[in-house]
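Visitor: Dropping a structure here in C-alpha cells format, bear with me for questions.
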There are 4 protein chains.
Amino acid sequence: MMTAVILIHCVDQPGIVARVTEFIHSNRGNVLSLEQHVDRDAGRFFMRLKWDLDRFMIPREKIGEYFQTLIAAPYGMTFDLYFSGQKPRMAVFVSKMSHCLYDILSRWESGDWQVEIPLIVSNHTDMQPIAERFGIPFRHFPVSKENKVEQEAGQLKLLRRESIDLIVLARYMQVLSADFLKHYPHRVINIHHSFLPAFAGAKPYHAAYERGVKIIGATCHYVTEELDAGPIIEQDVIRVSHKDSPDAFARKGKDLEKIVLARGVFLHIQRKLLVYDNRTVVFG
Amino acid sequence: MMTAVILIHCVDQPGIVARVTEFIHSNRGNVLSLEQHVDRDAGRFFMRLKWDLDRFMIPREKIGEYFQTLIAAPYGMTFDLYFSGQKPRMAVFVSKMSHCLYDILSRWESGDWQVEIPLIVSNHTDMQPIAERFGIPFRHFPVSKENKVEQEAGQLKLLRRESIDLIVLARYMQVLSADFLKHYPHRVINIHHSFLPAFAGAKPYHAAYERGVKIIGATCHYVTEELDAGPIIEQDVIRVSHKDSPDAFARKGKDLEKIVLARGVFLHIQRKLLVYDNRTVVFG
Amino acid sequence: MMTAVILIHCVDQPGIVARVTEFIHSNRGNVLSLEQHVDRDAGRFFMRLKWDLDRFMIPREKIGEYFQTLIAAPYGMTFDLYFSGQKPRMAVFVSKMSHCLYDILSRWESGDWQVEIPLIVSNHTDMQPIAERFGIPFRHFPVSKENKVEQEAGQLKLLRRESIDLIVLARYMQVLSADFLKHYPHRVINIHHSFLPAFAGAKPYHAAYERGVKIIGATCHYVTEELDAGPIIEQDVIRVSHKDSPDAFARKGKDLEKIVLARGVFLHIQRKLLVYDNRTVVFG
Amino acid sequence: MMTAVILIHCVDQPGIVARVTEFIHSNRGNVLSLEQHVDRDAGRFFMRLKWDLDRFMIPREKIGEYFQTLIAAPYGMTFDLYFSGQKPRMAVFVSKMSHCLYDILSRWESGDWQVEIPLIVSNHTDMQPIAERFGIPFRHFPVSKENKVEQEAGQLKLLRRESIDLIVLARYMQVLSADFLKHYPHRVINIHHSFLPAFAGAKPYHAAYERGVKIIGATCHYVTEELDAGPIIEQDVIRVSHKDSPDAFARKGKDLEKIVLARGVFLHIQRKLLVYDNRTVVFG
C-alpha cells in the first residue's frame, strides 16, 4: 500500500479537520490515522494525518500543489508532505566512540530503519574501519579552530552532493556553526548525555557525579544555534548509586545514549515530529 | 467552556472522520482534540473527539439522538457521548487496607478528580472510621459463601439507589459474581497486585518472591467474569532485589497499587477508554 | 529480636571491617547485614552494619561509649548508632497542598512507618482539618518577611519541646533560614518538584513546560543553606508529552512528589542514609 | 592493582564476616568492597568480598587451597574465587537476528567488557558475515530433531577445545538439552523476550498483544533444564499502546532484549551473581 503523511500547523480556527478530511475523502483517499492537537494557550493547531494513496485521484507529484492552493493558502497553514517509499538520506557524524554508530548501522542493516546512509563523517579516523566493514563511504574532516569555516564548507558541499536530508550526530564532539545549521534547520539530531536542561555543555557525567544525583539521563534534540538548547525530541533516565564512579556513569550512560538517540531518529524517520516555538510535537 | 466527548467504534470504512467532523463543524462546534486509530488486522475504526459546545446549534439533550440518526445508524457505529459537568458517581469497595482508599479520597477531596463518591462498601468494618472522617456513607456487607447471592443483591439495590455508574475495587478482596458484573459492564475497575498475566489469583507477591523476579508490577483492569482476565487499562512496575522479603514486595507494591489504580480510574473519568475484544484503546 | 544499626565513615585504612566485625562477634552479636563501600578518589570508608542484640554482652546504653573508646577513636571514625524500638519523632511542615500530607499520615496510621508524628506545622490553616482528623496537634505559624526570625524561633522552641528529631517538608513553601537549619543538620528532608539540578527554585513545572522536556521529575533531599542544593536522597521521573499543559505537569508531578518523598523519608527512618561531601550514601 | 573477588554461601552462623575479614586483613589484604546478606527464612548466608592483592602474603595459586582448609571447610561454605586479569572466555550462540550480537560485539570491541570471545555458534549462516567482520571464528551447527544429540556433542567438543566458560544465547532459537546444560551449570545465559513468568515459551510478543498488556518486558536468566524457568538475573520493561501491532512490540522489544541481556552478562562477568534455590543474589 502506498501512503502519504501530512504534518500541518497553523493558527487554530474552526473547521480545519473537516476541510482536510473532506479533501482526502472526496478524492478517494482513506484516512489511516489522524492525530490532532490544539495548544490553547498559543492558539495553535497541529495535525498529522496518514492516508492510503492507492486509489487517490490526484497524482502524487501534484498533491502538494493542490493542497497548497485549495487548503493551506486559505487557512494560512504550514505543511510537510511525505510519501512511503521515499527513504531519508542520512549522514552520520561521529568522533571516537562506537556505541551509537554500531547501534545505528545495525538498525539500518537489518532493515528496521527505512533510511539510506550514504555517508559517515568524522573529525577523527577511529571509526573508519567500522564504516568500511559496513561498506559506507567514510570522510575525514579534522576540525580545528583555524580550519573550521573551511571544513564546514567542505562538509556542506559533500552533503549536498550526496543529497543528504538528515544529519545524525552520534556523539560527534564538535559544535556546528550557526552558518552550517542554517542549511539543515531541524534536520540535525544530536544526543546529549544528560537529562537537559541539567548538565548542558561539557562533561555532564562528571558534573552529575559531583552533584550526587540518583538518576542520569540522555536527551535527543534538534540542534540549534544555542548549545544544547534545541527542541527536545526524546529523553530517558537510568538509576545510579553512590557506588558508581564517573566512569560507571559514563558506561551506564552509553546504553541510554544509543537507545534514546535511536528513538529520536526513528520518530523523525516516521515523520512524527513537528517543531513549534523550540518545542516538539511528537505524534503517537 | 462546555464541552462534549464522543467515543466511537465501528467497522472501518472510508469517510468516517470527514463525516463526523463535518457534522461538528456545520453545527458550529469546534474540534478541540481528535484521535483516531484503525486496527488493520481487525478492520476496526476507533475515535475520540472532544468539541466546544458553547455555540453548538443542537441542544445538548438532542445531540445523541441526532448523531444516532444521521451518522451512527448509517455507519453501524457504537458510540458513547459525555458532557463536561456530568460527574461520574463512583462507589469504592474496600476490605481492610487503607492505602488505595486514602489515595482516592485525597484526590477527590482536593478536587483533582471530577467525581462524586456517595458510597464506600466493605466486607469488613476496618475502613469505616476513614469513611466517616471524609463524611462519606459507609455500608458494611459481610460476605460469606452462604450469603453471597443475597449480599450482592443488597449491594446492587444500594448502587442503583445511589445512581452509581462506576465501581472501584480498591483492594477489595472478594470476587464479584458474573451476575453482579452484568449490571456494570466495563464499569468495575480493579487493581491487581502483579503485572498480569503473571501471578494472577491469590498471593501474587509471594509467588513473585518464589520465582525470584527482579521487577514486580500492578495492573489496573476492568473486571470481567474470568478472574484477573479483564481488559487491562494500565500497568507499571518497580524493581525488587534479593534483599526484599515477600513483606518488602508487599510494601513496595502498595505504592504501585495506589498509583496505577489512580491512573486507570482517571483515564476512565476523562472518558479516554474504549473496550474492544477484551483490550482497551487508551486515547492520549 | 532487638537489633542495632551502626553507620560509620572515616578515612579508608586497612582492617576496619575485620576490627568492627570482631568487636560484634566477640561480644556475642550476630551480623544480620553489612554493606561497605570505599570511595577510592576521596579515600573514604563507609559502612552500615546491623546486628542482633539479643545475646549481646554490652548493655545497650554502654555500646556507644565502648565503641567510641575501643574502635572509633583509634580509627578516627564518625559513627551513628540506632536501636530497634526507638521511633524517630517527626514533624511535618505543610502549606496548602494535601497530597504529600495524606500520603505520610496514611503510612504512619497503617503502621508501615515506625515513627511518631507529634506535630504538624504550617504557615496556613488549610491543612488543620486533616491534622485534626488524624488527631495530630496542628500549629499555625504564619510567616512573613517581617516576622520570620521570630516565627522560626517559636517553631524551634516547639520542636525542642516535642523532642523532634526529623523535619519533613511536605510541600512547605517557605525557605528555612541557615540559623534554623543549624539546629537540624541533615535532619530536614524536602521534596522539590523537579529532577534537580534542573529547574531549581520557583515554578519548576512551568519552567519544564517552557523548555519542552519529555520527562519531569521530583527530588527528595536534605535541606542545606543553599536553596535546592542539599544532598540528594532519591529522585524519580515520569513521562510528559506535548499534550500536557503546565497544569497537567503539576497534576502528574503530585504523584511523583509524594512517592519520592516517602521513599526518601523511609530510607532515613531505616537508618540507611549517610551524608558525605554534600552527597548521600544510600545503603541497599 | 591486582584484586580478588570471593563469593560465599553457606548456612548462616555467627562470626563468618569477622573470620573472613580477619583472614584477609591478617594476610595484608585490604577489603575494597563487601556486601553481605542473610536470607532469614532460608537461614542462608551470602557474601561478596573484593580485596586488594598487591601486598597479599598468600600466593595467588594457593589462596583457594588455604581458604578451603582454614575457613570454608570448618564453616561448610561453598565459594568461588576470581582474580582480576582472568578474562572469561565466552561463546555467543545466535540464530538469524543481529541486534543482540552487534550489541555484544560492540561492547567487546570497545573494551567495555573484559572478556574474550573466541567463538560464535549458530544453527544458521545468516550471522556468519558479521562474525567475519569482527574476526571471530564462526561455526555452523544446523540442528534438527534427528541430529540434535550429535550436534550438541560436536558443540561441546568445540567449547571444551576453546576452554569456553560462559555461553551467551543471543536470541538463539534452539532449546539446549539437559545433557548439554549439565556441562555448563549456571554458565549459560539466555534472553527471553517477555517479563517472565508471563509469556514463557514461543511467540511471547504475539501472546502479549493478544492479552492487551500495556508493558512488555525482557528477562535475562540462567538456562536450566526447565524451559524459561531458570534463575532470573535481570528484567526490564517498556510501555506499549493499543497502536502497537505485534510487529511494533517486536521492534520495541529488540531494544529491551539487547540491553537486558548485556546487563545480565556484565553482572556475570563482574562476578556479582550467586545462584541459590533457583534465584539469583545480585550484589550491587
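Visitor: Specify which of the listed residues (D:F46, D:F79, D:F93) is of a type outside the set (D, E) and in contact with an Asp or Glu (Cβ under 8 Å, 6 or more places away or on another chain).
Guide: Only one candidate qualifies: D:F46.
Visitor: Give the residues of the range B:56-97 that are charged (D, E, K, R), in a loop (DSSP other than H, G, I, E, B) and out of contact with any Ser or Thr (no Cβ under 9 Å at 6 or more places or on another chain), sorted by residue number.
Guide: B:K87 - this is the single residue of the range B:56-97 that is charged (D, E, K, R), in a loop (DSSP other than H, G, I, E, B) and out of contact with any Ser or Thr (no Cβ under 9 Å at 6 or more places or on another chain).
Visitor: Any chance you could count how many residues in the range C:237-249 are away from chain A (no Cβ under 11 Å) and either buried (at least 21 other Cβ atoms within 10 Å of the Cβ) or touching a strand residue (DSSP E or B) at 6+ places or on another chain (Cβ under 8 Å) (or both)?
Guide: Counting residues in the range C:237-249 that are away from chain A (no Cβ under 11 Å) and either buried (at least 21 other Cβ atoms within 10 Å of the Cβ) or touching a strand residue (DSSP E or B) at 6+ places or on another chain (Cβ under 8 Å) (or both) gives 1.
Visitor: On the given criteria, is D:E257 touching a residue at least 60 places away in the same chain (Cβ under 8 Å), crowded, with 17+ Cβ neighbours inside 10 Å and among the charged types (D, E, K, R)?
Guide: It is true that D:E257 is touching a residue at least 60 places away in the same chain (Cβ under 8 Å), crowded, with 17+ Cβ neighbours inside 10 Å and among the charged types (D, E, K, R).
Visitor: Exactly one condition in (1) without any contact (Cβ under 8 Å) to a residue 40 or more places away in the chain; (2) over 28 Å from B:D244 (Cα atoms); (3) surrounded by fewer than 18 Cβ atoms within 10 Å (Cβ to Cβ) is false for D:I24; which is it?
Guide: Of the numbered conditions (1) without any contact (Cβ under 8 Å) to a residue 40 or more places away in the chain; (2) over 28 Å from B:D244 (Cα atoms); (3) surrounded by fewer than 18 Cβ atoms within 10 Å (Cβ to Cβ), the odd one out for D:I24 is (3).
Visitor: If I filter the range C:181-225 down to residues being surrounded by fewer than 22 Cβ atoms within 10 Å (Cβ to Cβ) and either closer than 18 Å to C:V149 by Cα or touching a Leu at 6+ places or on another chain (Cβ under 6 Å) (or both), which single residue comes out as nearest to the other protein chains (Cβ to nearest Cβ)?
Guide: C:T224
Visitor: Just for the range D:28-45: of the residues that are open to solvent by 20 Å² or more (accessible area, probe 1.4 Å) and among the polar types (S, T, N, Q), which one is nearest to the other protein chains (Cβ to nearest Cβ)?
Guide: It comes out as D:N30.
Visitor: Would you pick out the residues in the range C:26-52 that are touching a His at 6+ places or on another chain (Cβ under 8 Å) and among the hydrophobic types (A, V, I, L, M, F, W, C)?
Guide: Hits for the range C:26-52 are C:V31, C:F45, C:F46, C:M47.
Visitor: Let me ask another. Given the residues B:E116, B:E109, B:E150, B:E146, which is the only one that is among the acidic types (D, E), over 29 Å from C:W113 (Cα atoms), open to solvent by 20 Å² or more (accessible area, probe 1.4 Å) and in contact (Cβ under 8 Å) with a residue 12 or more places away in the chain?
Guide: Going through B:E116, B:E109, B:E150, B:E146 in turn, the sole match is B:E116.
Visitor: Among the residues of the range B:141-163, are any closer than 29 Å to D:D41 by Cβ, under 23 Å from the mean Cα position of the chain (by Cα) and more than 14 Å from chain D (Cβ to nearest Cβ)?
Guide: no
Visitor: Can you tell which of C:S177, C:S163 is open to solvent by 20 Å² or more (accessible area, probe 1.4 Å) and at positive phi?
Guide: The conditions single out C:S163.
Visitor: Out of all the residues in the range C:70-94, which are in contact with a strand residue (DSSP E or B) (Cβ under 7 Å, 6 or more places away or on another chain) and more than 30 Å from C:H192 (Cβ to Cβ)?
Guide: C:A72, C:Y75, C:G76, C:M77, C:L81, C:F83, C:S84
Visitor: Working carefully through the options B:K62, B:K87, find the one that is away from chain A (no Cβ under 12 Å), of a type in the set (K, R) and without any contact (Cβ under 8 Å) to a residue 12 or more places away in the chain.
Guide: None of the others qualify; the one that does is B:K62.
Visitor: Quick check on the range D:187-199. Is at least one of its residues small (G, A, S) and at pLDDT below 95?
Guide: No, there is no match, as no residue in the range D:187-199 is small (G, A, S) and at pLDDT below 95.
Visitor: Also, quick follow-up: Can you tell me which condition D:I233 does not meet? The list is (1) touching a Phe, Trp or Tyr at 6+ places or on another chain (Cβ under 8 Å); (2) among the β-branched types (V, I, T); (3) more than 10 Å from chain B (Cβ to nearest Cβ), and all the others hold.
Guide: (3)
Visitor: Something else: If I ask for residues that are outside any strand (DSSP E or B), among the hydroxyl-bearing types (S, T, Y) and over 15 Å from C:P59 (Cα atoms), which ones from the range C:1-47 would you list?
Guide: C:T21
Quick grid of which residues meet (1) β-branched (V, I, T); (2) more than 30 Å from C:G111 (Cβ to Cβ):
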{"residue": "B:V38", "(1), (2)": "yes, yes"}
{"residue": "B:K62", "(1), (2)": "no, yes"}
{"residue": "B:E65", "(1), (2)": "no, yes"}
{"residue": "B:Q68", "(1), (2)": "no, yes"}
{"residue": "B:L81", "(1), (2)": "no, yes"}
{"residue": "B:P88", "(1), (2)": "no, yes"}
{"residue": "B:L105", "(1), (2)": "no, no"}
{"residue": "B:I117", "(1), (2)": "yes, no"}
{"residue": "B:I120", "(1), (2)": "yes, no"}
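The values are calculated or read from the model by the stated rules, or taken from the named source; none is laboratory data. Model, not experiment: these values are computed from the prediction. Neighbour counts run over all protein chains shown; Cβ positions are idealised from the backbone, glycine included. Heavy atoms of the whole protein, side chains included, go into the accessibility calculation; ligands, DNA and RNA do not. Shrake-Rupley method; radii C 1.70, N 1.55, O 1.52, S 1.80 Å.
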